[in-house]
1. Look at residue 150 and say whether it is crowded, with 22+ Cβ neighbours inside 10 Å, out of contact with any Phe, Trp or Tyr (no Cβ under 7 Å at 6 or more places or on another chain) and within 13 Å of residue 207 (Cα to Cα).
2. Is the range 79-98 home to any residue that is closer than 22 Å to residue 191 by Cβ, touching a helix residue (DSSP H, G or I) at 6+ places or on another chain (Cβ under 9 Å) and either open to solvent by 10 Å² or more (accessible area, probe 1.4 Å) or outside any strand (DSSP E or B) (or both)?
3. Name the one entry in 57, 46 that is out of contact with any strand residue (DSSP E or B) (no Cβ under 7 Å at 6 or more places or on another chain) and either aromatic (Phe, Trp, Tyr) or farther than 17 Å from residue 123 by Cβ (or both).
4. Among the listed residues 74, 27, 64, which satisfies the condition of being within 21 Å of residue 93 (Cα to Cα) and either of a type in the set (Gly, Ala, Ser) or open to solvent by 40 Å² or more (accessible area, probe 1.4 Å) (or both)?
5. Show the residue pairs that are 6+ apart or on different chains and have beta-carbon atoms under 6 Å apart, the first residue being within the range 36-48 and without any contact (Cβ under 8 Å) to a residue 24 or more places away in the chain and under 15 Å from residue 24 (Cβ atoms), the second being assigned to a helix (DSSP H, G or I) and open to solvent by less than 40 Å² (accessible area, probe 1.4 Å).
6. Can you find even one residue in the range 81-100 that is in contact with a Phe, Trp or Tyr (Cβ under 7 Å, 6 or more places away or on another chain), closer than 27 Å to residue 172 by Cα, in contact (Cβ under 8 Å) with a residue 40 or more places away in the chain and basic (Lys, Arg)?
7. Of all residues in the range 100-145, which are hydroxyl-bearing (Ser, Thr, Tyr), touching an Asp or Glu at 6+ places or on another chain (Cβ under 9 Å) and surrounded by 22 or more Cβ atoms within 10 Å (Cβ to Cβ)?
8. Select from the range 122-166 the residues that are in a strand (DSSP E or B) and small (Gly, Ala, Ser) and write down the one among them that is nearest to residue 57 (Cα to Cα).
Amino acid sequence: MIIKHIVVGWLRTNCYLLGDEETRTCALIDPGQKADTILEAVAELGYELKMILLTHGHYDHVMAVPKIVEKTGAKVYIHKKDQWLLSCDEVLRYGTRAEGYSVPHVDGWLEEGMTLSLGSLTIQVLHTPGHTAGCVTFLCGDTMFSGDTLFQECCGRTDLETGSMDDMMQSLKRLAQLPGNYRVFPGHEGFSSLDYERQYNSYIREALKR
């Protein structure tokens, strides 16, 4: 398994390429902006881009999707509860038309408990609402892509539309109770580990009391 990290946009969103070394295929997680930069990273990796996985629908995680789909034909996956966030009105409210955004076709809906195959890799989907109603977390091997649910010593904000602190607490509790010590790759800021967050993240400590 190969992970390539790209920081994009003025909110410095963490975008990830997840690659399978056996089949030389890859998935792209949260291409928020700068499609050309992301496409250059795909070309440098030299793997075929098979799918685009969205942890949620906020513009800073989706804006580059249409151009990347146009260039690669990759399939797009998102939770159905966040489909409305892909509209031009929502994305361009905060974004810029310079990216040439248009509403992407969704090829599959991410659902709790489903798994996606990427060559020899298996990607598990957890529905982790709180930041938005359709937030998901991806698990692959010992790695967690937590989007805007779990950050290093923090969590995603819950005051935006469809956000919920109660839901966030339940999602954080669920992640904290997963067995093992996952590497945590969040939607913003630095990387972490689940053991570290169990110990030092005050939101997780509060969630575990509920």
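1. On the way: crowded, with 22+ Cβ neighbours inside 10 Å: yes; out of contact with any Phe, Trp or Tyr (no Cβ under 7 Å at 6 or more places or on another chain): yes; within 13 Å of residue 207 (Cα to Cα): yes.
Yes; evaluated as a whole, the condition is true for this residue.
2. Going through the range 79-98, the residues closer than 22 Å to residue 191 by Cβ turn out to be none.
Checked the range 79-98: no residue is closer than 22 Å to residue 191 by Cβ, touching a helix residue (DSSP H, G or I) at 6+ places or on another chain (Cβ under 9 Å) and either open to solvent by 10 Å² or more (accessible area, probe 1.4 Å) or outside any strand (DSSP E or B) (or both).
3. On the way: 57 fails: out of contact with any strand residue (DSSP E or B) (no Cβ under 7 Å at 6 or more places or on another chain).
After applying the criteria, what remains is 46.
4. Testing whether each residue is within 21 Å of residue 93 (Cα to Cα) and either of a type in the set (Gly, Ala, Ser) or open to solvent by 40 Å² or more (accessible area, probe 1.4 Å) (or both) leaves just 64.
5. Hits for this filter: zero, empty list.
6. Scanning the range 81-100 turns up no residue that is in contact with a Phe, Trp or Tyr (Cβ under 7 Å, 6 or more places away or on another chain), closer than 27 Å to residue 172 by Cα, in contact (Cβ under 8 Å) with a residue 40 or more places away in the chain and basic (Lys, Arg).
7. Scanning the range 100-145 gives 128, 132.
8. Here is the first cut: in the range 122-166, the residues in a strand (DSSP E or B) are 122-127, 136-140, 143-147, 150-151, 154-155.
Filter once more, so that each one left must be small (Gly, Ala, Ser): 146-147.
On the way: 146: 14, 147: 11 Å.
Per the criteria, the residue is 147.
The values are calculated or read from the model by the stated rules, or taken from the named source; none is laboratory data. Computed from a predicted structure; not experimentally measured. Note: ideal-geometry Cβ built from the backbone for every residue, glycine included; neighbour counts use all protein chains shown. When the accessible area is computed, the model is the full protein with side chains, heavy atoms only, and any ligands, DNA or RNA have been set aside. Shrake-Rupley method; radii C 1.70, N 1.55, O 1.52, S 1.80 Å.
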